[in-house]
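The values are calculated or read from the model by the stated rules, or taken from the named source; none is laboratory data. Computed from a predicted model, the values in this text were never measured in an experiment. Every residue, glycine as well, gets a Cβ built from its backbone with ideal geometry; the counts of neighbours run over all protein chains shown.
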Amino acid sequence: MEDMRLALILNAISPAIGGVLVRGEKGTAKSTAVRALTAVLPPVDVVAGCRFSCSPARPDPGCPDGSHPAGSAAQRRPARLVELPVGATEDRLTGSLDLGRALTEGVTTFQPGLLAGAHRGVLYVDEVNLLHDHLVDLLLDAAALGTNYVERDGVSVRHEARFLLVGTMNPEEGELRPQLLDRFGLTVEAAAPRDPASRAEVVRRRIAFDADPVAFAARFAAAEASLAADIAAAQERLPAVVLDDAALERIAGVCAGFDVDGLRADIVIARTAAAHAAWRGGLAVSREDIRVASRLALPHRRRRNPFDAPGLDERQLDEALGGPDEEPEPDPPSGGGPDAGGPDPGDGGRDAGPPDGDGDGARQDAPGTPDSPAGPGTAGRESVAPSGPAFRARRLEVPGKGQGAAGRRSRAATDVGRSVGARPPLPSSRTLDLHLTATLAASAPHQRRRGRSGPGLVLEGGDLREHRREGRESNLVLFAVDASGSMAARRRMEAVKGAVLSLLLDAYQRRDKVGLVCFRGSGAELLLPPTSSVDAAARRLETMPAGGRTPLAAGLAEAHATLRRERLRDPLRRPLLVIVTDGRHTAGGDPAAAAQNLRRDGIAAVVVDCESGPVRLGLAVALAQALGAEYLNLGGLPAGGPQAGAGGPQAGAGGPQAGGRAPRAGDATGLSAQALADSVRGLRADRADRADPVRQPIRAGRPSRTDRKVA
Ligand SMILES: [Zn+2]
């Protein structure tokens with residue numbers, strides 16, 4: 001909680017830092033802290049009556065409510081906290097033409113949106129990871145430019161929109177796009193306090209508040225006023241804070257040591273360190289200022305993959321920071337820093353990592369991985385194989401058109417996305433998504449009857465038409481994985497886990513929920529109930545043991561039961577069942593009956609055939625037929641065939657499989673190929689030797705993998 005408070009205060013002192021992302025579990029009073037911060041922000045002077053919060057000293061020349069002549073009346077108001085609801089429409093965020101007035105009174109007026117409201121204040125997005133992509137893009141544009149542009153439906157407006165962006169997210173509910181992550185200056189982890197003293201203090205305050213809210217408020221008003229004064233003083237001091245070359249080099253050393261992309265991290269650390277110096281009353285940026293700033297600015301900018309642990313290795317940070325501020329004394333420090341001459345501008349931090357080798361923090365070794373390969377004769381015994389290499393998977397899709405939450409997998413009727421036609425406005429529509437041509441067309445036949453005489457159409461309410469839009473929805477991808485003895489041959493299970501991992505990475509990009517059922521021995525088990533945490537699914541997969549007989553029917557039944565429960569909970573989210581099997585069944589009932597049940601229930605399924613070797617039984621084909629499912633073998637999973645091979649560094653961005661939406665400049669739709677390659681490297685605890693016959697056919701299908709590995 002201290003980190004969070006500090007990060008918010010530093011942003012209040014220097015809004016150029018770019019905002020705070022608060023990551024943490026539910027119930028950690030994140031929004032309370034944000035509200036408390038807004039209360040201590042200095043008040044703002046605005047031009048009286050301007051809905052866009054123009055400053056009287058420097059009014060926005062493009063202000064839609066302008067122009068404001070010099071000497072316009074001004075008023076002082078508290079800084080505002082504007083909350084962006086996760087389900088907001090584009091119009092609500094950016095503002096829009098006031099259509100009601102435009103159509104009935106013939107007046108063109110612009111109705112300001114949330115971005116205008118947040119100008120010179122705080123824009124707060126709770127659960128920012130659940131925000132629709134389309135809104136994220138608008139938000140990023142406005143945040144980057146400090147300006148909101150609206151250019152549509154006959155409106156052409158631009159106004160200033162500079163705000164402190166504060167977002168919260170619960171990482172268990174899914175991660176954030178790298179683009180959006182980078183846009184936040186700082187990140188902090190918020191957790192409920194663990195030590196008894198802090199917990200007791202929280203409870204004590206709560207009791208004091210309940211007993212006498214007025215006295216409590218008075219007590220804290222004094223503290224609040226003093227904090228507000230401290231922030232104002234630090235703001236005044238900030239321009240005088242010196243950031244000398246030594247400090248800049250130290251910052252560069254830290255960023256190089258942590259292998260961050262681009263220069264944004266350097267800039268954010270410099271600004272944060274300067275704000276911290278001002279906050280503690282200093283006039284020069286010290287090593288400690290840089291250390292604090294790095295701890296807040298780096299965790300989300302390290303090259304990482306979605307399965308890495310959050311946070312920063314403090315020991316690595318201290319090494320990358322180099323020695324103390326003053327020029328080092330001639331005698332070597334007792335700690336024995338790698339080089340006493342200051343930070344190494346190269347990648348010193350990484351190479352000179354701690355000898356015990358935990359420098360990369362979050363490598364996930366598969367617990368219980370046997371070192372000697374479990375031979376094919378060990379069926380019936382349990383073994384845990386590591387994941388084979390992951391690859392960019394093709395998009396598997398639920399047929400038909402759904403109405404689920406926005407995402408990137410299957411076709412859906414949505415309120416954003418491509419316009420596919422027009423319809424009269426629904427009674428539930430709060431703002432009009434006007435389809436102009438259809439509206440005019442609807443009014444045209446009635447012009448004579450309505451007595452049109454001059455130019456200009458005579459419109460009535462009944463003429464209004466809205467866009468009917470189609471986008472993509474996210475789905476529930478439930479994996480049912482055969483983990484029996486016939487699959488347990490180590491190489492084979494590696495390939496299977498690699499394939500499922502690839503589909504999980506794909507699900508992460510498409511914002512799906514995922515679940516994992518495994519069947520082996522005497523029955524099936526729901527290893528992971530449906531969740532948005534692809535991360536959790538990858539962990540379960542990594543430790544999933546294999547061995548024993550093959551109760552295929554039980555696996556299908558368990559999957560079916562899981563999907564039925566999910567349908568009750570989330571009826572609009574359409575499921576896709578991915579069955580990873582060789583089609584064999586050696587225990588339990590007849591899989592044909594279970595398959596029939598799934599089919600009758602209309603559940604879309606894909607069978608991924610894992611059978612390999614010279615003699616094949618083709619059982620999975622029969623299973624796919626019984627399910628009415630799409631059939632693929634492992635080699636058919638990678639994306640795009642020959643096109644995937646062309647995937648250099650730009651693969652993974654809006655490629656052919658990106659789905660539904662034209663790629664925007666500088667907009668990766670999810671993980672980059674680099675991130676994917678990193679995650680592959682990170683997740684593979686020990687790489688099996690490459691001349692493995694089982695994996696050979698898969699590898700043939702994706703020639704680019706070797707390139708990525710080198711990249
Ligand atoms: Zn104005």
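For segment 477-521, the candidate set comprises residues that are acidic (Asp, Glu) and modelled with pLDDT under 85; within that set, the residue that is nearest to Glu175 (Cα to Cα) is Asp506. None of Ala233, Ala217 is within 29 Å of Pro78 (Cβ to Cβ), modelled with pLDDT of 80 or more and either of a type outside the set (Asp, Glu) or surrounded by 14 or more Cβ atoms within 10 Å (Cβ to Cβ) (or both) except Ala233. Name the single residue that is nearest to the ligand (Cβ to nearest atom) among those in segment 25-37 being assigned to a helix (DSSP H, G or I) and surrounded by fewer than 15 Cβ atoms within 10 Å (Cβ to Cβ). Ranking the candidates gives Arg35 first. When you look at Val534, is it modelled with pLDDT under 80, touching a Leu at 6+ places or on another chain (Cβ under 9 Å), aliphatic (A, V, I, L, M) and closer than 23 Å to Arg394 by Cα, yes or no? Criteria met by Val534. Within segment 40-64, being away from the ligand (no atom under 16 Å from the Cβ), in contact (Cβ under 8 Å) with a residue 40 or more places away in the chain and touching a strand residue (DSSP E or B) at 6+ places or on another chain (Cβ under 9 Å) holds for one residue alone: Leu41.
Matching residues to (1) farther than 16 Å from Tyr631 by Cα; (2) surrounded by fewer than 24 Cβ atoms within 10 Å (Cβ to Cβ):
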{"position": "Glu566", "(1), (2)": "yes, yes"}
{"position": "Arg574", "(1), (2)": "yes, no"}
{"position": "His585", "(1), (2)": "yes, no"}
{"position": "Asp590", "(1), (2)": "yes, yes"}
{"position": "Ala595", "(1), (2)": "no, no"}
{"position": "Arg599", "(1), (2)": "no, yes"}
{"position": "Val606", "(1), (2)": "no, yes"}
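Which of the residues that make up segment 11-24 are of a type in the set (A, V, I, L, M, F, W, C) and in a helix (DSSP H, G or I)? Matches in segment 11-24: Ala12, Ile13, Ala16, Ile17.
Taking the criterion of being surrounded by 17 or more Cβ atoms within 10 Å (Cβ to Cβ) and either modelled with pLDDT under 85 or over 35 Å from the mean Cα position of the chain (by Cα) (or both), the residues of segment 47-83 that qualify are Val47, Cys50, Pro56, Pro59, Asp65, His68. Where strands (runs of 3 or more DSSP E) fall entirely within segment 504-587, none has at least 3 residues that are closer than 29 Å to Arg616 by Cα and touching a His at 6+ places or on another chain (Cβ under 8 Å). Counting only residues that are surrounded by 24 or more Cβ atoms within 10 Å (Cβ to Cβ) and over 27 Å from the mean Cα position of the chain (by Cα), segment 252-274 holds 1 of them. What are the residues in segment 151-168 that are surrounded by fewer than 23 Cβ atoms within 10 Å (Cβ to Cβ) and of a type in the set (A, V, I, L, M), if any? Val155, Val157 - these are the residues of segment 151-168 that are surrounded by fewer than 23 Cβ atoms within 10 Å (Cβ to Cβ) and of a type in the set (A, V, I, L, M). The set of residues in segment 65-81 that are within 14 Å of Gly117 (Cα to Cα) and within 11 Å of the ligand (Cβ to nearest atom) contains only Asp65.
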